[in-house]
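Have a look at the structure below before the remarks.
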Amino acid sequence: MTEPKVLTDLTLTDPILTEHRSRAAEVLGQTLVAESLSAHANGRPVRPGGRLLEVSDPASGDVIAHIPTLESYDVPDVVQHAAASFGRHAGQPQLGWLMAAAEAVERNVDTFAAVMTLESGKTEREARGEVGYAVSFLRWFAARASDPAGAHYRLMTTGQDCTVRFVGVGPVLIVTPWNFPLAMITRKVAAAWAAGCPVICKPAEATPLTALLFAQVCREASVPEAAFQVAVADDPGPLVASFLADRRIRKVSFTGSTRVGQIIARAAADHMQRVSLELGGNAAFVVCADADMDVATKAMSVAKFRNAGQTCIAANRFLVHRSRREEFVAALRSTADRQVVGSGFDRLTTLGPLISASQRQRAQELVDEARMAGADVYGKCEELPGSFMSPLVVTNVSPDSGLWQEEIFAPVATVATFDTDEEAISLANDTPYGLANYVMTSSLARRHAYVNQLASGMIGVNTGAISDAGAPFGGVGLSGYGREGGGEGLREYQECRYVAEATACS
Ligand code: ADP
């Protein structure tokens, strides 16, 4: 059996990185991603001398593509294109777009997985999983697109007939993150198309290739170009502001930081554009006295180490009943020990690089601060090069520390103990965020107590996997508002219109 490779002594000449580079070159060469997508960026000819966004591979730091950016003066054309498409389709559900895109993405799973690994660093296995998850939104909403979308009844006081309809809001702007470069696009696009709304996508600067690849495969599958346009930016603030200054944009859906969510919500106020914000979280993972430890360990492994800890619903704070502390910390340590840090292209790797060296440095600083304040840190703390980070388990953390208060977005598991359920609930809720929480318990009464009192949009009971196309994903407090997925997700892209009609007897 081959020994797992751990990149503890990675240097830039390390064989794994060399291997990574050659696989990366192969991906770029085989798919011609950089070249062909750059040439067609935003579906329009490249302006000579225009600005370029530099895209890097987080594993090696190598520049992998230069993408022409959209400028604010391009915005009216792009919006016009979307508005004309919306006018033509009158906000009708676009089953054809959904089905065609789902099939096209599935056909190109290898290319998507390779490109996503290359630009986001995630492992190819996780990238493939993400492609399946991304397609599930297109398929779920395709099934939903033909559902009856309203009601008909007689009004009591006037006796008139009342018809309630749900109609597409109009052209939509989506601003998406780098941690799930495809699924965070299709999660929004699928609901928008089911409501008949064309989409303009402003992808994260780190991962524009996946968005451009999605646009390309959709076009090849005969989805109209106006259904999904990509607006690449190297300075997103002014470009997003220009889109929101155009009153033909009727909705903005954003996934990212609370700081940027607040900027977007303010900008959308002028034209009263509908807003959905899926922002940061600070999820507690509560291990109760009666937790099944096998169940808790499996759930923890998903909730903490998926995507190298870079998910907004990642378990950020482990709260463990004092009687189970040793057992659970041992399980955490052995799960951390089993992680293999390396290139996302290496089959043995379970943790790819973080998205950037600065993100790794920020996480390391939070750990160092906690250590200086008395916390104990378990794991390989020596610095790996670039964006690579070994998993760490941190115990005896003060609730005042940055590590406890902030979303860490790295494979760092922070543990504190509690004595009573009331204390655990109060600690879990002691945050302005409210995206997700997890509770591990074998008791029905405890389950009820936690589900009733934890202040978050989502709660995982004895599971660490809570994302599903059919479920309404979203948070409360500084984690934002609006839901994605499920019937609730569809309504975010629809206006309610009621028609009162005089009847013969009224
Ligand atoms: P992160 O820090 O995880 O990258 P951000 O909230 O900065 O999260 O980024 C999420 C998305 O928001 C990206 O698509 C990014 O380009 C975009 N973005 C960043 N700054 C702004 C801004 N000032 N206005 C609008 N969008 C922005």
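The values are calculated or read from the model by the stated rules, or taken from the named source; none is laboratory data. Owing to the predicted nature of the structure, the values given are computational and were not obtained by experimental measurement. When we count neighbours, we look across all protein chains shown, and the Cβ atoms used for this are built from the backbone with ideal geometry, even at glycine. The area values use the complete protein model at the heavy-atom level, side chains included, leaving out ligands, DNA and RNA. Shrake-Rupley method; radii C 1.70, N 1.55, O 1.52, S 1.80 Å.
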Kindly work out what percent of the DSSP beta bridges joining two residues of region 393-506 are antiparallel, to the nearest 5. 35
The longest stretch of the chain containing none of the trypsin sites (Lys or Arg not before Pro) that sit in a DSSP loop with at most 12 other Cβ atoms within 10 Å is 1-246
Using 1/(1 + (r/R0)^6) with R0 = 51 angstrom and r between the beta carbons of Glu106 and Asp368, what's the FRET efficiency to the nearest 0.05? 0.70
Cβ under 10 Å from Thr503's Cβ, Thr503 left aside: what net charge do those residues give with Lys, Arg +1 and Asp, Glu -1? -1
What are the GluC sites (Glu not before Pro) within region 345-441 that DSSP puts in a loop, where the Cβ has at most 10 other Cβ atoms within 10 Å? Glu382
The distance between the Cα centres of region 198-247 and region 111-133, in whole Å, is 19
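Using per-residue counts of other Cβ atoms within 10 Å, averaged over each peptide, order 72-80, 204-212 from highest down. Display every interim value, and only then the final one.
Numbers: 72-80: 16.2, 204-212: 25.0.
Sorting 72-80, 204-212 by mean packing, highest first, produces 204-212, 72-80.
Among the lysines in the chain, how many pairs, 8 or more places apart or on different chains, have alpha carbons under 18 Å apart?
Summing the qualifying lysine pairs gives 7.
How much of the accessible area of region 324-456, in percent, comes from carbon and sulfur atoms when a 1.4 Å probe is used? Before the final figure, lay out the partial values.
Working: 2600 of 5540 Å².
Carbon with sulfur: 47 percent of the solvent-accessible area.
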What's the FRET efficiency of Asn462 with Asp400 using the Cβ-Cβ distance as r and R₀ = 30 Å, to the nearest 0.05? 0.50
Contour minus Cα-Cα distance for Asp419 and Ser222 (0.36 nm per residue): 65.0 nm
Taking the Cβ of Asp234 as the centre, find all other residues whose Cβ is under 11 Å away and add up their charges (Lys, Arg: +1; Asp, Glu: -1). -3
Two-site label geometry, Val499 and Thr163: point separation in nm, points 7 Å out along Cα→Cβ: 0.3
With a 1.4 Å probe and all protein chains left in place, how much of the accessible area of region 127-272 comes from carbon and sulfur atoms, in whole percent? 55
If every Lys and Arg gets +1 and every Asp and Glu gets -1 at its Cβ, then about the Cα centre the chain yields a dipole, in debye to the nearest 20, of 1340
Once you order the gyration tensor axes a ≥ b ≥ c over the Cα atoms, which shape class does region 443-506 get: rounded for a/c under 1.5, otherwise prolate or oblate by comparing a/b with b/c? prolate
Summing +1 for each Lys or Arg and -1 for each Asp or Glu, what net charge is found among the other residues whose Cβ lies under 15 Å from the Cβ of Gly132? 0
Accessible surface, per residue, of the chain when the full set of protein chains is kept, probe 1.4 Å, Å²: 40
For the chain, give me the percentage of DSSP beta bridges that are antiparallel, rounded to the nearest 5 percent. 40
So for region 368-506, using the alpha carbon gyration tensor with a ≥ b ≥ c as root eigenvalues (a/c under 1.5 gives rounded; past that, a/b versus b/c decides prolate or oblate), I'd call it prolate
What is the spin-label model distance, in nm, from Asp77 to Asp292 if the labels are put 7 Å beyond Cα along the C-beta direction? 5.9
